[in-house]
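Since the structure comes first, as structure tokens, the remarks are kept for the end.
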2 protein chains.
Amino acid sequence: MFGCLVAGRLVQTAAQQVAEDKFVFDLPDYESINHVVVFMLGTIPFPEGMGGSVYFSYPDSNGMPVWQLLGFVTNGKPSAIFKISGLKSGEGSQHPFGAMNIVRTPSVAQIGISVELLDSLAQQTPVGSAAVSSVDSFTQAQMTPSPSEMFIASKCVVAWYENFQRRLAQNPLFWKT
Amino acid sequence: MFGCLVAGRLVQTAAQQVAEDKFVFDLPDYESINHVVVFMLGTIPFPEGMGGSVYFSYPDSNGMPVWQLLGFVTNGKPSAIFKISGLKSGEGSQHPFGAMNIVRTPSVAQIGISVELLDSLAQQTPVGSAAVSSVDSFTQAQMTPSPSEMFIASKCVVAWYENFQRRLAQNPLFWKT
């Protein structure tokens with residue numbers, strides 16, 4: 001029903017079904033993974049009114065899985081690209097994989113897909129930094145992506161400017177010293 | 001042999017084979033596409049010493065295809081994510097699809113995969129802005145991606161700073177006027 005693709009690697013289409021409505025893909029060597037694509041194979045749609053919440057889990061320092069909600073796939077949006085490179089130190093969130101006895105290997109991360117009611121999905125909030133499209137539409141709108149250039153957060157410039165302005169008001173020649 | 005996935009849509013696995021070593025996927029409604037994933041299905045590897053160059057083409061104002069090299073897939077790197085949202089107004093480059101009589105519909109873009117010698121691929125330069133991983137590793141290294149914040153190109157800050165410094169040197173009180 002689902003496919004999972006780590007950018008640069010071979011596609012996986014054989015999910016481990018850990019419950020009637022839960023599917024898991026192993027992601028070996030997860031430290032080197034930047035992007036994961038999760039998609040429906042197109043063979044079996046979700047039942048009417050259902051969709052899938054997509055979770056990423058990585059082992060914490062004790063080897064315990066930390067689950068984070070990446071986003072969703074539905075019949076209307078049957079694929080999504082997620083950026084997980086920034087998530088390997090984040091905190092876990094509520095997830096439906098707690099009670100499962102999932103076979104896991106140390107240093108292997110996992111993608112979990114939980115089939116749920118669309119109404120239930122609508123109440124879940126994915127971790128902000130995982131959505132590739134929103135990050136990208138931002139960088140497009142706000143700056144021209146250019147790997148050879150450095151960018152600075154505008155709030156740093158504003159903070160520096162306000163500080164500079166304050167010192168200049170106190171002593172117009174402070175910058176000469 | 002290949003799969004193609006537009007982020008948010010159903011996966012495509014039935015490429016149109018337009019020559020022995022050339023494969024094409026149609027991308028309808030291409031104006032709304034941000035990311036495309038191109039991957040090997042894992043059924044048939046490239047012949048020894050061969051790989052695939054991946055091109056994107058969109059129709060220019062006259063309906064003529066403009067081809068741009070996105071990057072490569074190989075047996076060692078059998079999948080790649082490309083960002084095409086910034087490419088729909090760029091210039092075309094050298095490409096191997098010129099002589100083909102490819103059936104195309106207006107307002108449909110295409111992904112073309114050309115199977116070539118790895119030595120030949122090594123001499124081709126993809127358009128810079130298509131590589132998702134290089135852009136992302138940059139944004140990660142240089143700034144924390146954060147959709148709620150604005151970012152400024154550092155060269156703009158430097159230019160403003162140099163100008164400010166010059167005016168301040170000419171007249172230490174110019175900023176008061």
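The values are calculated or read from the model by the stated rules, or taken from the named source; none is laboratory data. Everything numeric here is computed off the predicted structure, so don't read it as measured data. Cβ atoms come from the backbone with ideal geometry, glycine included; neighbour counts cover every protein chain shown. Areas reflect the complete protein model, heavy atoms only, side chains present, ligands, DNA and RNA absent. Shrake-Rupley method; radii C 1.70, N 1.55, O 1.52, S 1.80 Å.
List of remarks:
- For the peptide A:2-10, the mean number of other protein chain Cβ atoms found within 10 angstrom of a residue's Cβ is 5.
- Amide H contacts under 5 Å for A:A15, placed H, 5+ residues apart: A:F2
- With every protein chain in place and a 1.4 angstrom probe, the accessible-area ranking of A:K83, B:K77, largest first, reads B:K77, A:K83.
- The contact between chain A and chain B removes approximately 4300 Å² from the accessible area (both sides summed; 1.4 Å probe; ligands, DNA and RNA excluded).
- For the cross-link pairs A:K22/B:K77; A:K22/A:K88; A:K77/B:K77; B:K22/B:K88; A:K77/B:K22, the ones whose C-alpha atoms lie over 25 Å apart are A:K22/B:K77; A:K77/B:K77; A:K77/B:K22.
- Rolling a 1.4 Å probe over the protein heavy atoms of region A:54-98, with every protein chain left in place, gives an accessible area that is 49 percent carbon and sulfur.
- Summary of the geometry: region A:27-80 and region B:1-59, compared by the centres of their Cα atoms, lie 23 Å apart.
- Dipole in debye (nearest 20) - region B:8-133, about Cα centre, beta carbon charges: Lys, Arg +1; Asp, Glu -1: 280 debye
- Packing, as the average of other Cβ atoms within 10 Å across residues, places the peptides A:53-63, A:156-166, B:16-26 in the order A:53-63, B:16-26, A:156-166, highest first.
- Between A:K88 and B:Q170, the C-beta separation translates, for a Förster distance of 45 Å, into a calculated FRET efficiency of about 0.30.
- Solvent-accessible ranking of A:H95, A:H35, largest area first, probe 1.4 Å: A:H95, A:H35
- In order along region B:14-23, the Karplus-derived 3J(HN,Hα) couplings, from 6.51 cos²θ - 1.76 cosθ + 1.60 at θ = phi - 60°, round to 9, 6, 7, 8, 9, 7, 4, 10, 10, 10 Hz, and Gly and Pro are given as x.
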